[in-house]
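The values are calculated or read from the model by the stated rules, or taken from the named source; none is laboratory data. All values reported here derive from a predicted model rather than from experimental measurement. Methodologically, a virtual Cβ is constructed for each residue, glycine included, from the backbone with ideal geometry; neighbour enumeration extends over all protein chains shown.
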Amino acid sequence: MSGSGLRSFVARRLLLGAAQTVAVVLLVFALTEALPGDAAIALAGDQPDPERVAAIREALRLDRPVLERLGDWAAGLAHGDFGTSLASGRPVSRYIVDGFGPTLLLAALTVALLVPIGFGLGVLAARHEGGLVDRLVSGLTLAVYAVPEFALGVLVVTVFALRLGWLPPTAVGYGTDLLAHPAALVLPVLVLLARPVCSLVRLVRAGMVDALASPYAAHARRYGVPGARVRYAHALPNALAPAAQQLARTVDWLLCGVIVVEALFVIPGLGTVLLNAVAERDVPVVQGLAVVFGVLTVVLNLGADVVAHRLAPRAGVAA
């Protein structure tokens with residue numbers, strides 16, 4: 001693939017990513033505006049005080065035209081200003097920064113284990129297609145994938161924390177410095193790892209099987225190319241392209257969608273921040289987190305498209 005072709009592809013994806021980011025901001029604002037009832041009265045409680053209602057309306061700029069509020073909010077986002085929490089008066093950015101650390105740590109540890117395990121087992125199953133190893137790996141991944149995260153979390157807590165007492169059941173009392181207490185991370189990472197590793201193993205296996213059965217792999221064997229080189233230099237890159245996109249979706253989920261796991265293990269990450277904000281009807285915090293989650297999704301998928309295009313240009317174009 002030529003360098004100009006890659007640059008053209010990246011430029012198109014950057015323009016698309018910019019458009020998607022703008023769409024995320026507009027959608028978050030529009031959905032907030034579409035909430036039924038008067039947001040200020042709802043936030044003020046069951047017996048709202050007129051002064052508190054007026055203060056909330058001023059804080060949310062509800063007394064100003066919609067387009068003006070949208071422009072001010074978008075301008076603030078462009079400068080890193082996500083607004084101020086109605087519940088505490090703290091900047092929304094502080095909630096995001098405080099919650100991002102634990103969530104990023106969980107995501108990083110999960111991905112660090114996911115990549116070698118997922119690719120290793122996928123390649124191993126493909127090498128023994130139809131054999132005992134393949135059936136064991138495929139059956140195990142299918143069984144684990146069928147277990148919901150919440151059920152798996154309850155199971156591992158019951159067994160390893162309550163029955164055996166090997167690990168702490170939650171991260172209560174450890175604060176945000178979870179790296180200093182690695183035992184509190186074992187069970188959450190295990191639960192987070194379970195379903196993504198099953199998806200990645202099956203995807204890599206399918207890609208490797210298709211690539212090894214392709215005409216170019218057979219042609220390489222006829223010319224005496226060693227089997228290891230056919231597998232890892234020719235077949236594996238074609239399996240990596242869709243796997244890279246799946247990995248990006250997994251990272252997106254780890255950063256933006258681990259609410260159940262964080263709630264179950266009481267981890268003070270972004271998911272917990274979002275749950276608390278929803279419970280307190282803290283609209284600015286919910287808006288800020290929604291924008292962060294949306295932008296992260298756009299960026300991660302943009303990176304995955306570029307990687308997939310670099311590994312297999314035709315697959316990247318199709319994506």
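Quick one: in segment 9-40, which of the residues that are among the small types (Gly, Ala, Ser), loosely packed, with under 12 Cβ neighbours inside 10 Å and modelled with pLDDT under 80 is nearest to the chain's Cα centre (by Cα)?
ALA34
Scanning segment 176-192 for residues that are surrounded by fewer than 20 Cβ atoms within 10 Å (Cβ to Cβ) and either in a helix (DSSP H, G or I) or at pLDDT below 75 (or both) yields THR176, ASP177, LEU179, ALA180, ALA183, VAL186, LEU190.
Considering segment 290-319, the residues that are β-branched (Val, Ile, Thr) and modelled with pLDDT under 75 include one that is nearest to the chain's Cα centre (by Cα), namely VAL307.
Restricting attention to segment 90-103, does a residue exist that is of a type in the set (Lys, Arg) and either in contact with a Pro (Cβ under 7 Å, 6 or more places away or on another chain) or outside any helix (DSSP H, G or I) (or both)? Yes, segment 90-103 contains a residue that is of a type in the set (Lys, Arg) and either in contact with a Pro (Cβ under 7 Å, 6 or more places away or on another chain) or outside any helix (DSSP H, G or I) (or both). Of the residues in segment 123-140, not one is within 16 Å of VAL251 (Cα to Cα) and assigned to a helix (DSSP H, G or I). Of the listed requirements (1) touching a Leu at 6+ places or on another chain (Cβ under 7 Å); (2) farther than 14 Å from PHE82 by Cα; (3) buried (at least 19 other Cβ atoms within 10 Å of the Cβ); (4) of a type outside the set (Asp, Glu), PRO284 misses just one: (2).
For segment 154-171, which positions are surrounded by 13 or more Cβ atoms within 10 Å (Cβ to Cβ) and either at pLDDT 85 or above or of a type in the set (S, T, N, Q) (or both)? Step through it out loud before you land on a result.
As a first pass, look at segment 154-171 and keep what is surrounded by 13 or more Cβ atoms within 10 Å (Cβ to Cβ): 154, 156-157, 159-161, 167-171.
Across segment 154-171, the qualifying residues are VAL154, VAL156, VAL157, VAL159, PHE160, ALA161, LEU167, PRO168, THR170.
Scanning segment 264-285 for residues that are among the β-branched types (Val, Ile, Thr), more than 17 Å from the chain's Cα centre (by Cα) and modelled with pLDDT of 85 or more yields a single hit, VAL285.
For first residues located in segment 146-158 and under 15 Å from SER199 (Cβ atoms), partners that are part of a helix (DSSP H, G or I) and lie 6+ apart or on another chain with Cβ distances below 6 Å form the pairs GLU149/VAL191; GLU149/VAL260; LEU152/VAL191; LEU152/ALA194. Any residue that is surrounded by 12 or more Cβ atoms within 10 Å (Cβ to Cβ), modelled with pLDDT under 85 and more than 24 Å from PHE100 (Cα to Cα) - is there at least one of those in segment 129-146? For segment 129-146, residues surrounded by 12 or more Cβ atoms within 10 Å (Cβ to Cβ), modelled with pLDDT under 85 and more than 24 Å from PHE100 (Cα to Cα): present. Assessment of segment 249-261 against the conditions (at pLDDT below 75 and assigned to a helix (DSSP H, G or I)) yields at least one matching residue. The one condition from (1) surrounded by fewer than 17 Cβ atoms within 10 Å (Cβ to Cβ); (2) more than 19 Å from ASN276 (Cα to Cα) that SER88 does not meet is (2). Scanning segment 59-109 for residues that are closer than 22 Å to ALA18 by Cβ and either without any contact (Cβ under 8 Å) to a residue 40 or more places away in the chain or over 26 Å from the mean Cα position of the chain (by Cα) (or both) returns LEU67, LEU70, GLY71, ASP72, ALA75, GLY76, ALA78, HIS79, GLY80, ASP81.
Here's the yes/no breakdown for (1) over 30 Å from ALA206 (Cα atoms); (2) out of contact with any helix residue (DSSP H, G or I) (no Cβ under 7 Å at 6 or more places or on another chain); (3) at pLDDT 80 or above; (4) surrounded by 15 or more Cβ atoms within 10 Å (Cβ to Cβ):
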position	(1), (2), (3), (4)
ASP49	yes, yes, no, no
ALA78	yes, yes, yes, no
PHE82	yes, no, yes, yes
ARG94	yes, yes, yes, no
VAL97	yes, yes, yes, no
VAL111	no, no, yes, yes
GLY118	no, no, yes, yes
ALA125	no, no, yes, yes
